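A quick write-up on the structure given underneath.
The values are calculated or read from the model by the stated rules, or taken from the named source; none is laboratory data. Because the structure is a prediction, the values reported are computed rather than measured. Cβ placement follows ideal geometry from the backbone for every residue including glycine, while neighbour counts extend to all protein chains displayed.
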Amino acid sequence: MSEERAYCPEGIEWEDRRRFGFLRAFLITWKRLILAPSDFFKCLVKGNSLLDPFLFAIIFIAIVAFFNIYFRFSTIRIVESWFLRGVFFPWSMTLGGKPLALIAWMIYALLGFFVNTVVYSFCLFIVKGKVSYRQVFRVYSYVNGVSILSIIPFIGTILASVYGIVLLTIGFREAAGISTKRAFLAAIMPLVFVAVFFLFIGLIIFLVLIRFGS
């Protein structure tokens, strides 16, 4: 039995960095999250720390932000729209260049992080998953580890999104003690809400154009 698996009943390696060391704990935790998510989230519910998982998430948010600002946009900009870059990160083109764009990305990502945690807590409430905000926060924090896949050109964002839903489903199932079906519903519910919202907005715009175009 490996040391990683033997340690599982006691919690998450990342949350015991003094024993494993910073880098080793980081790599072991990420490996278990990606390759053995069921076992990982069974261990996760044993802990209560908020700072450790939040730090784990921030590391990945920073890596992805740095890569996208300094490398990705410059290497595959032929196929990725510069218009979108100007819409979401206009600071990089006008005020302070890439450093300010990096700061803006981090702020945007962190705000989204807390908003998403609240949203997922509400979604779990809807599907009758009895779980505390603390555990939702812990699950969502570690699931951010999958975001590193988004730096893969062309297919990275799709891979990160799809596997992120898989990890959320498993994490919610273990944290809330609900069925996989209900956990999956909670994981995709925000996407459904967003899709319905934009369809509604699109319908309104369509009706307005017909009304004033006739």
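Every residue in segment 148-174 that is in contact (Cβ under 8 Å) with a residue 24 or more places away in the chain, closer than 17 Å to Phe67 by Cα and over 11 Å from the mean Cα position of the chain (by Cα), please.
Those that are in contact (Cβ under 8 Å) with a residue 24 or more places away in the chain, closer than 17 Å to Phe67 by Cα and over 11 Å from the mean Cα position of the chain (by Cα): Ile151, Pro153, Phe154.
Just to be sure before I move on: is Phe83 surrounded by fewer than 17 Cβ atoms within 10 Å (Cβ to Cβ) and at pLDDT 80 or above in the structure I sent? I'd like the intermediate steps shown before the answer.
On the way: surrounded by fewer than 17 Cβ atoms within 10 Å (Cβ to Cβ): yes; at pLDDT 80 or above: no.
Answer is no for this residue.
Mind listing just one residue for me: the one in segment 29-46 that is modelled with pLDDT of 90 or more and buried (at least 19 other Cβ atoms within 10 Å of the Cβ) and, of those, nearest to Ile107 (Cα to Cα)?
Trp30
Out of Val192, Val196, report the one residue that is surrounded by 11 or more Cβ atoms within 10 Å (Cβ to Cβ), β-branched (Val, Ile, Thr) and farther than 26 Å from Ile63 by Cα. So that I can check it myself, show each step before the final result.
On the way: Val196 fails: surrounded by 11 or more Cβ atoms within 10 Å (Cβ to Cβ).
Val192 is the lone residue from the list that is surrounded by 11 or more Cβ atoms within 10 Å (Cβ to Cβ), β-branched (Val, Ile, Thr) and farther than 26 Å from Ile63 by Cα.
Please go through segment 20-55 and give me each residue that is free of Cβ contacts under 8 Å to residues at least 60 places away in the same chain, closer than 17 Å to Arg173 by Cα and either in contact with a strand residue (DSSP E or B) (Cβ under 9 Å, 6 or more places away or on another chain) or outside any helix (DSSP H, G or I) (or both), ordered by number.
The answer is Ala36, Lys46.
Out of curiosity, is Ser49 at pLDDT 85 or above, loosely packed, with under 14 Cβ neighbours inside 10 Å and closer than 27 Å to Ala176 by Cβ? I'd like the intermediate steps shown before the answer.
On the way: at pLDDT 85 or above: yes; loosely packed, with under 14 Cβ neighbours inside 10 Å: no; closer than 27 Å to Ala176 by Cβ: yes.
For Ser49, the condition - at pLDDT 85 or above, loosely packed, with under 14 Cβ neighbours inside 10 Å and closer than 27 Å to Ala176 by Cβ - is not met.
Working carefully through the options Leu110, Leu100, find the one that is in contact (Cβ under 8 Å) with a residue 24 or more places away in the chain and part of a helix (DSSP H, G or I).
Values: Leu100 fails: in contact (Cβ under 8 Å) with a residue 24 or more places away in the chain.
Only one candidate passes the filter, namely Leu110.
Rundown of residues vs (1) within 23 Å of Phe54 (Cβ to Cβ); (2) assigned to a loop (DSSP other than H, G, I, E, B); (3) out of contact with any helix residue (DSSP H, G or I) (no Cβ under 9 Å at 6 or more places or on another chain), yes/no style:
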position	(1), (2), (3)
Gly129	yes, yes, no
Gln135	yes, no, no
Tyr142	yes, no, no
Ile148	yes, no, no
Phe154	no, yes, yes
Ala160	yes, no, no
Gly164	yes, no, no
Ile170	yes, no, no
Ile178	no, yes, no
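Would segment 191-213 turn up any residue that is touching a residue at least 40 places away in the same chain (Cβ under 8 Å) and of a type in the set (A, V, I, L, M)? Give the derivation first.
Restricting attention to segment 191-213, the residues satisfying the condition of being touching a residue at least 40 places away in the same chain (Cβ under 8 Å) are none.
No - not one qualifying residue is present in segment 191-213.
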